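Here the structure comes first, spelled out in structure tokens, and everything after it is commentary.
The values are calculated or read from the model by the stated rules, or taken from the named source; none is laboratory data. Quick caveat, the model's predicted, so the values are computed rather than measured. Note that we place each Cβ from the backbone using ideal geometry, even for glycine, and neighbour counts take in every protein chain shown. SASA here: full protein model, heavy atoms, side chains in, ligands and nucleic acids out. Shrake-Rupley method; radii C 1.70, N 1.55, O 1.52, S 1.80 Å.
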Amino acid sequence: MINALAGCRVLVSAGPTFEDIDPVRFLGNRSSGKMGFAIAAAAVERGAQVCLVAGPVSLPTPVGVTRIDVRSAAQMHTAVMAQLSIEHSPCDAYIGAAAVADFTPQAFAGSKLKKMPGEDTLTLELVKTRDILAEVATHAQRPRLVVGFAAETDDVVAYARGKLQRKRLDLICANRVGVGATGFESDDNTLLVLGHEGFQRTLGPAAKTEIAGRLLDLISERLITERLVTERLR
Ligand code: PMT
């Protein structure tokens, strides 16, 4: 499928987000960025023009990829939305592989929080972050294909199907996290790709680089089919 994505613009998010509590502490998660970076590399290999919005990770940028580094969920939201703005050429696919924080501290403490004498607990007030994926899927410049990820510890299929519907996605890639050497941080993964009308495909277990290639082949097929149908209807 060399050059299957020639002429396509693909936007990928990867890695964790860090939500700062004070100048020295943050809320984060275990995403290494490996899955999302492998996806960006696989898209470039297929001839796409790729923009990768990356949370704080220490991975090298895949050759040919334009990388935008962010730290927080709010910054990732701003960076992704900017890529959908009309100054850019339309985006053909968005692949949300980042582990975006669902909650962020309501307030940032300007100086390091101190232990208070006699107080054994600390309560942090958290507020919901904006759902980047759901906003991309309902954006006026919606990419032709919106692909989400679901990181689940249990009831993987049911939760993933719920996200597919609720967030108005075309595909969702579910992976189990928190058990064994899969999902977060590892070099390998297994993805269950779910779509509408009962579409279901298992990718792996295999290296994330291998899975990313198979996922991009699937995405390429969908983009090509959709383009042919649109052209036929013109
Ligand atoms: O980075 P690695 O170590 O390689 O690990 C890969 C991975 C496990 C992080 C990856 O495969 C994965 O599952 N990414 C999504 C993790 C996640 O946050 O899942 P979720 O079920 O909480 O979120 C569902 C979807 O909504 C995701 O596409 C997420 O990017 C998106 N989301 C969530 C919250 C939010 N505020 N904005 C979002 O866009």
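Entry remark, the range 30-77: residues being touching a Ser or Thr at 6+ places or on another chain (Cβ under 8 Å), crowded, with 19+ Cβ neighbours inside 10 Å and part of a loop (DSSP other than H, G, I, E, B) number 4 in total. If only residues of the range 131-161 that are within 10 Å of the ligand (Cβ to nearest atom) and among the small types (Gly, Ala, Ser) are counted, the one that is nearest to residue 86 (Cα to Cα) is 137.
A single member of 151, 158 is over 16 Å from residue 25 (Cβ atoms), over 19 Å from the mean Cα position of the chain (by Cα) and not polar (S, T, N, Q), and it is 158. Considering only residues that are hydrophobic (A, V, I, L, M, F, W, C) and open to solvent by 10 Å² or more (accessible area, probe 1.4 Å), which ones fall in the range 170-180? Within the range 170-180, 177, 179 qualify.
Annotation note: Cβ proximity below 7 Å between a residue of the range 151-169 that is outside any loop (DSSP other than H, G, I, E, B) and open to solvent by 70 Å² or more (accessible area, probe 1.4 Å) and a residue that is modelled with pLDDT of 95 or more and within 12 Å of the ligand (Cβ to nearest atom) (sequence gap 6+ or interchain) occurs for 159/150. Looking only at the range 184-195, decide whether some residue is more than 14 Å from the ligand (Cβ to nearest atom), out of contact with any Cys (no Cβ under 8 Å at 6 or more places or on another chain), open to solvent by less than 80 Å² (accessible area, probe 1.4 Å) and not in a helix (DSSP H, G or I). Checked against the condition, which is being more than 14 Å from the ligand (Cβ to nearest atom), out of contact with any Cys (no Cβ under 8 Å at 6 or more places or on another chain), open to solvent by less than 80 Å² (accessible area, probe 1.4 Å) and not in a helix (DSSP H, G or I), the range 184-195 yields at least one hit. Residues that are among the hydrophobic types (A, V, I, L, M, F, W, C) and either in contact with a helix residue (DSSP H, G or I) (Cβ under 7 Å, 6 or more places away or on another chain) or assigned to a loop (DSSP other than H, G, I, E, B) (or both) within the range 85-114 comprise 86, 91, 93, 95, 97, 98, 100, 101, 107, 108, 109, 113, listed in sequence order.
If only residues of the range 92-117 that are of a type in the set (Gly, Ala, Ser) and open to solvent by 50 Å² or more (accessible area, probe 1.4 Å) are counted, the one that is nearest to residue 145 (Cα to Cα) is 107.
Any residue at all in the range 116-128 that is near the ligand (Cβ under 10 Å from one of its atoms), at pLDDT 95 or above and touching a Leu at 6+ places or on another chain (Cβ under 8 Å)?
No, the conditions are met nowhere in the range 116-128.
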